[in-house]
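The values are calculated or read from the model by the stated rules, or taken from the named source; none is laboratory data. Predicted model only: the values in this text are computed from it and were never measured. Note that each Cβ is placed from the backbone with ideal geometry, even for glycine, and that neighbours are counted across all protein chains shown. Areas reflect the complete protein model, heavy atoms only, side chains present, ligands, DNA and RNA absent. Shrake-Rupley method; radii C 1.70, N 1.55, O 1.52, S 1.80 Å.
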Amino acid sequence: MAGIAKPKAGRQAPSATPTSVVTGGAGFLGSHLVDYLLAAGHRVVAIDNFVTGSVDNIAHLGGNPRFKFIQQDVTEFIFLEGPVDFVWHFASPASPIDYLEIPIQTLKVGSLGTHKALGLAKNKGARFLLASTSEVYGDPLVHPQTEAYWGNVNPIGVRGCYDEAKRFAEAMTMAYHREHGVATRIVRIFNTYGPRMRLLDGRVVPAFIGQALKHRPLTVFGGGEQTRSFCYVSDLIEGIYRLMNSSTHEPVNIGNPQEMTVHEFAQAIIQATGARSRVVFRPLPVDDPRQRQPDITRARSLLRWEPKVNLNEGLEKTIAFFRERLLSTSLRRKTRSKEN
Ligand code: UDP
């Protein structure tokens, strides 16, 4: 068609100061990625609508001439002037409690949002990376999970809004790769933790640490025999950066294979915080996956990546963050009650 420029998919030469667009840039992972990219010399445009992200996560970047923030819902058309080299699509609620509360927004950002982010990448000839998830494996029947496993997802269950949105997002990403030649990458992110998680986001790490720091009982769901494998955020971001700079469009698991039961994890938190807490058992949420452990053979061989931060070290940093958060919240509360 006359007048319509052909997409430059994947053909753009890298610039001296590359420009990255990070959707969900004010979220837990998005904001750590933004910091990493700025440190690596990128110009960064972060987009977020603050549904689950927070201005606190990017406040320290105010005044940085290479950082720009746009408050926008990425399910709407993304208009940006100038060149873009990389699009990192991280926008999505990611905690079961969040996506149970806002299932339609979760489905929309995974589907329409991914479509818009891919459209931006295609239009700019940028490389595109999708933040997918271990949830695409559902309640897995293969253990540990390799990328070749197609998963065991309940499409109409309460977690279906997240799992299926991400599965759709992967399908859409591959379609843009195959049909439009966009240089795409897909990372399947396993449980990740670290500073900037929201204290009340309902996920097990902030939940247990918050409870322990208040010496309250730790709420273990079910019998606590379900397993997870926890990766510290700096390891994850390093793996994702390597993936973007690799040449693989196949999905790659990034996570820490050190697996433990949720009950063992509760004990680890009690020990690491020195809490006088006990464990109490609460009903297991519907469709809660029984086991999860990434097989990271592909990341090891293709990206020469593996996690470096062990659980004690990662927990120490995360606990320090939450301690500080709780302290400043209680100080604010005291000041307010004195003023009133
Ligand atoms: N969990 C728990 N107590 C809590 C929060 C979560 O026992 O207060 C369990 C949850 O049932 C799941 C695991 O911890 O088996 C991890 O939950 P999370 O919400 O962090 O993420 P998921 O891995 O399920 O997506």
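Taking square-rooted eigenvalues a ≥ b ≥ c of the alpha carbon gyration tensor, is the range 10-93 rounded, prolate or oblate, where a/c under 1.5 means rounded and, failing that, a/b exceeding b/c means prolate? Oblate.
Quick one: Cα convex hull volume of the range 229-292, Å³ per residue? All intermediate terms of the calculation are to be shown ahead of the outcome.
Values: hull volume 7.2 nm³, N = 64.
Considering the Cα atoms of the range 229-292, their hull volume per residue is 112 Å³.
Roughly how big is the range 106-233's charge dipole about its Cα centre, with Cβ charges of +1 (Lys, Arg) and -1 (Asp, Glu), in debye to the nearest 20?
On the way: 17 positive and 9 negative charges, 120 e Å.
The calculated dipole for the range 106-233 is roughly 580 debye.
How much of the pair distance distribution for the chain lies past 34 Å, counting alpha-carbon pairs only, in percent? Tail fraction, whole percent: 23. About the centre of its Cα atoms, the chain shows a dipole size close to 760 debye [charges on the beta carbon of Lys, Arg (+1) and Asp, Glu (-1) only; nearest 20 debye]. Considering only G181, G30, G41, the Gaussian network model of the chain with Cα springs below 10 Å gives its largest mean-square fluctuation to G41. Charging the Cβ of each Asp and Glu at -1 and of each Lys and Arg at +1, and nothing else, the dipole of the range 58-112 about its Cα centre rounds to 140 debye.
Of the solvent-accessible surface of the range 124-186, computed with a 1.4 Å probe over protein heavy atoms with every protein chain present, carbon and sulfur atoms account for 58 percent. With all protein chains kept in place, the per residue accessible area of the chain amounts to 47 square angstrom at a probe of 1.4 angstrom. For the chain, the longest piece that avoids every one of the GluC sites (Glu not before Pro) found in DSSP loops with at most 13 other C-beta atoms within 10 Å covers 82-224. Simple rule: put +1 on each Lys or Arg Cβ and -1 on each Asp or Glu Cβ in the chain, find the dipole, and look at S20, F90, G157; the Cα lying farthest toward the positive end is S20. Annotation: amide H-H contacts under 5 Å for G202 (H modelled 1.01 Å from N, sequence separation of 5 or more, or interchain): A207. Convex hull volume per residue, computed on the Cα atoms of the range 193-340, equals 138 Å³.
If one computes the Cα centroid of the range 249-282 and of the range 183-199, what distance in Å separates the two points? After rounding, the separation between the Cα centres reads 16 Å.
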